[in-house]
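One structure is given here, and the rest of the page talks about it.
The values are calculated or read from the model by the stated rules, or taken from the named source; none is laboratory data. Note that this is a predicted model, so its numbers are computed, not measured. Positions of Cβ are backbone-derived with ideal geometry, glycine not excepted, and every protein chain shown enters the neighbour counts. All accessible areas refer to the heavy atoms of the entire protein, side chains included, with ligands and DNA or RNA removed. Shrake-Rupley method; radii C 1.70, N 1.55, O 1.52, S 1.80 Å.
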Amino acid sequence: AHNGNYGYRRITSELKTAGYTVNHKKVKRLMSKYNLYGKVIRKKWKKYSSYEGTVGKVAENIINRNFAAQTPNQKWTTDITEFRLSFGKIYLSPILDMYNSEIVSYVISKSPKFAQVTTMIDMAFDKIPDDTGIIFHSDQGWQYQHKTYVKALKKKGIIQSMSRKGNCLDNSIMENFFGVLKREMFYGYEKSFKSLYDLEQKIDEYIEYYNSTRIKMKLKGLSPYQFKRQAGY
C-alpha cells in the first residue's frame, strides 16, 4: 500500500490504529523473516540554489531553527528543488506549514521563474485571512528578496524570515521534506518516467498521499491532515 516506504515503526503504528495489539519488536522480527524491508536509499544531490547575492531586501532570521509551531498557519517555510531527468528538468516550489508539515500549496514549473513563486503564494493566501501574523521563512534566493514578493507578504500581514547565507540547517525542515519526497517517489524510479508531464503527475499524486495518508511518527502516527483534524482545526 505504501510502495515499500514503511519500516517497522510505521507498520506497527498502522497495525495499532487498525486495532491490533502488537509490539514493535515482533513486527520487526516478522518483517525480517519475510524480507519485508522498508526501502533505504541514501543519495546526496546537488541542492538547487537561487542565491544571486543581495538583490533586494534580506530579512532577519526570525525562525532561528525553532521549527515548533503550536497552531496551523503560525510558521510557514518555502524553498525550490530541482528534479533532473535525462531529457529535462522541472522545479517544485512548495509552502510547508511547520505545525504539521502539511504542504499548503505548491507549483511545478519547467524553469524557476518568479511567476512560480507568486502563483504559489497567491494559492496559499487564498486559504487564510489577512493579518494572521504568520512567520514565513525561506533562504536568501533572489525570488524571496524581490520587492514584489516582499510587498505581497507585507500586504497580507505576514512576517518574513530568512536563513543565513549558505546555511541549509536554517531551513532543515524543508530540506527534510525534499529528501523524503525524492527518496520515496523519485530516486530509483528515474527510468520509469516517460515525460516531464508524467513526473509532474507523480509529484501531484505523492503530495496528496503525503498530506492525507502518509503517517509521521512525530505526529503521533497520523498524516498531516489527520493530525490537524484530530486537534480540532
**Study point:** Dipole of the range 1-150, positive direction: furthest Cα of GLY88, VAL107, SER49, with charges on the beta-carbon
**Key:** GLY88
Check your understanding: To the nearest 10 Å², what's SER195's accessible area with a 1.4 Å probe?
Key -> 40 Å²
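I'd like the carbon and sulfur percentage of the solvent accessible area for the chain, probe radius 1.4 Å, heavy atoms only, ligands and nucleic acids excluded.
Working: 6580 of 12750 Å².
Within the chain, the accessible surface is 52 percent carbon and sulfur.
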Point to revise | Label corresponding to Cα extents along the principal axes in Å when calculated from the structure given, among (1) 63, 45, 28; (2) 58, 45, 29; (3) 62, 41, 38 | key: (2)
Check your understanding: So, in the range 1-96, how many Lys pairs have Cα atoms under 21 Å apart, if the pair is 8 or more places apart or on different chains?
Key -> 13
Review point. For the Cα atoms of the chain, what angle does the longest principal axis make with the long axis of helix 24-33, in degrees from 0 to 90, nearest 10?
Key: 70 degrees
Exercise for review: Please name which of ILE134, ILE203, GLN145 has its Cα lying farthest along the dipole of the chain towards the positive end, using unit charges on Cβ (Lys, Arg +1; Asp, Glu -1) and the Cα centre as origin.
Suggested key: ILE203
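Based on Cβ point charges of +1 for Lys and Arg and -1 for Asp and Glu, what charge dipole magnitude is obtained for the chain about its Cα centre, in debye rounded to the nearest 20? Numbers along the way, then the final one.
On the way: 40 positive and 21 negative charges, 237 e Å.
Dipole size: approximately 1140 debye.
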Study note, to complete from the structure: the chain: relative contact order from alpha carbon pairs under 8 Å, six or more residues apart, as a whole percent, is 20 percent
Check your understanding: What accessible area per residue comes out for the chain, rounded to a whole number of Å², with a 1.4 Å probe?
Key -> 55 Å²
Exercise for review: Only helical DSSP H runs with n ≥ 4 go in: add -39500 (n - 2.57) per run for the chain, normalise by residue count and round the 222 nm mean residue ellipticity to 500 deg cm²/dmol.
Suggested key: -11000 deg cm²/dmol
